[in-house]
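The values are calculated or read from the model by the stated rules, or taken from the named source; none is laboratory data. The model shown is predicted, which means the values in this text are computed figures rather than measured ones. For neighbour counting, all protein chains shown are included, and Cβ atoms are generated from backbone atoms with ideal geometry for every residue, glycine included.
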Amino acid sequence: MTLSVIVPVFNMASEGKLEYCLDSLVNQTLKPGTFEIIAVDDCSTDESFEILKRYQEKYPDRFIAIHSEVNLHQGGAKNIGLARAKGEWIGFIDADDWIVPDYYERLIGKALETGADMVGCDYNLTGEHSFKVGKIVHNNNFSQTGVMDTEKYKRLLIETGSLVVKVYRRELILGDYVPGTCEKLKVFPENIFYEDNAVSNTWMTRSKHFEYIEEPLYFYYQHDASTVHSISRKNLEDRMVAGRMIVKEAKDNGYFDRFRDEIEFQYTVLFYINTLFSAMPQRYKIKDCYSFTKKLGREMKETFPDFQNNPYYIEKIHPEEKKLVGFQMKSHLFFYIYYRLLWFYRDVIRGKKNA
């Protein structure tokens, strides 16, 4: 088996979203019998699993539908799918996204041509179900490609790109695991969002050769329910869990000391910066925002006391954000009052301009 594609599915039955994704998969240009699509229904409450069973009946040579009795979020669904995967290559796709017909043929072909064990490409941001190219996002860059060395690893860790917009040699993810040995693996964290962030660094550092196709072959569907658009206490706490797991993964797998600056910066952005400036806007009304952000700042300082001197932090974080972070590190009360007054003033000015 050349390829296994894992598709976690949860309540995707409406508006033809799931069918659009699955059609792009079953119609891949790879030779029939050489690839499998493992779609895992994560305890959906709509007709998603019925749709998956119809695809399994129609495409028995390439489609496997699995139902989880417990909602485990995307990480758990991926773990179930990975336990069944037989492919020499592993791919992932979100159930509301889609890919060009020769997506996997192109990526695996690039790998076979170059000897790479991981290949990525660019993607489109789109709000409509079509193959019309939307806003192009460069998921990686050529300075990261080729036979890996320390500098390439650093560039890849700082800009890993999306996990789903890549294909991986199975050994990077599964080692010598024998398919079907168990019902569920423990590759991804379960019951949280941002599960990709927690584990992708380990795969990057296992890669010996990375290649990149500078074309938008993956279509990333943006809508109001997307995780990236969701601000809730649960969402924010999951970012923090994923941030802690980035550090734990690096220490457990022996690359923390080698790439300390890169891991520190990743943690700072995911765990702290993104969480802090998502929680603070009053329109989101995060419960106990004052105490939540105070604890956030305290843990950031305890985990990486010198993070403000990180070279990537100095280079990449916006000056205003650095100023506000500096305020919080000195006095959370001052930071909180200053931030709320600042944005109250800006909202007033914006309202006058729009009047």
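Would it be correct to say that residue 306 is of a type in the set (Asp, Glu) and either touching a Leu at 6+ places or on another chain (Cβ under 6 Å) or under 30 Å from residue 205 (Cα atoms) (or both)? Yes: the conditions hold for residue 306.
For the range 129-159, the set of residues classified as of a type outside the set (A, V, I, L, M, F, W, C), farther than 18 Å from residue 110 by Cβ and assigned to a loop (DSSP other than H, G, I, E, B) consists of 129, 130, 132, 134, 149, 159, listed by residue number.
Which of the residues belonging to the range 237-248 are under 12 Å from residue 195 (Cα atoms) and of a type in the set (Asp, Glu)? If the condition is that a residue be under 12 Å from residue 195 (Cα atoms) and of a type in the set (Asp, Glu), then 238 is the only one that fits.
Closer than 23 Å to residue 279 by Cα, in contact with a Leu (Cβ under 7 Å, 6 or more places away or on another chain), in contact (Cβ under 8 Å) with a residue 24 or more places away in the chain and not assigned by TED's automatic domain parsing to the domain that holds residue 282: does that describe residue 197? Walk me through how you get there before you give the answer.
On the way: closer than 23 Å to residue 279 by Cα: yes; in contact with a Leu (Cβ under 7 Å, 6 or more places away or on another chain): yes; in contact (Cβ under 8 Å) with a residue 24 or more places away in the chain: yes; not assigned by TED's automatic domain parsing to the domain that holds residue 282: yes.
Taking the combined requirement at face value, the residue satisfies it.
Looking for whichever is at pLDDT 95 or above, of a type outside the set (Asp, Glu) and closer than 30 Å to residue 145 by Cβ here; the options are 259, 292. Which one fits? Give the derivation first.
Values: 292 fails: closer than 30 Å to residue 145 by Cβ.
Exactly one of 259, 292 is at pLDDT 95 or above, of a type outside the set (Asp, Glu) and closer than 30 Å to residue 145 by Cβ, namely 259.
To keep it simple, each residue is scored yes or no on (1) assigned to a helix (DSSP H, G or I); (2) in contact (Cβ under 8 Å) with a residue 60 or more places away in the chain.
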{"site": "105", "(1), (2)": "yes, yes"}
{"site": "121", "(1), (2)": "no, yes"}
{"site": "176", "(1), (2)": "no, no"}
{"site": "179", "(1), (2)": "no, yes"}
{"site": "188", "(1), (2)": "no, yes"}
{"site": "192", "(1), (2)": "no, yes"}
{"site": "215", "(1), (2)": "no, yes"}
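If the requirement is being within 17 Å of the chain's Cα centre (by Cα), part of a helix (DSSP H, G or I) and at negative phi, which of these qualifies: 82, 112? Give the derivation first.
Working: 112 fails: within 17 Å of the chain's Cα centre (by Cα).
It is 82.
State all residues of the range 298-326 that are assigned to a helix (DSSP H, G or I) and either in the same structural domain as residue 158 (by TED's automatic domain parsing) or acidic (Asp, Glu) (or both); if no residue qualifies, say none.
If we filter the range 298-326 for residues that are assigned to a helix (DSSP H, G or I), which is where we start, we get 298-303, 307-309, 311-316, 319-326.
Those that are assigned to a helix (DSSP H, G or I) and either in the same structural domain as residue 158 (by TED's automatic domain parsing) or acidic (Asp, Glu) (or both): 299, 302, 315, 320, 321.
Do we find that residue 81 is touching a residue at least 60 places away in the same chain (Cβ under 8 Å) and in the same structural domain as residue 25 (by TED's automatic domain parsing) in this structure? It is true that residue 81 is touching a residue at least 60 places away in the same chain (Cβ under 8 Å) and in the same structural domain as residue 25 (by TED's automatic domain parsing).
Being under 16 Å from the mean Cα position of the chain (by Cα) and among the aliphatic types (A, V, I, L, M) is the filter here, so list the residues in the range 85-109 that pass it.
So in the range 85-109, the residues under 16 Å from the mean Cα position of the chain (by Cα) come out as 90-98.
Result: 90, 93, 95.
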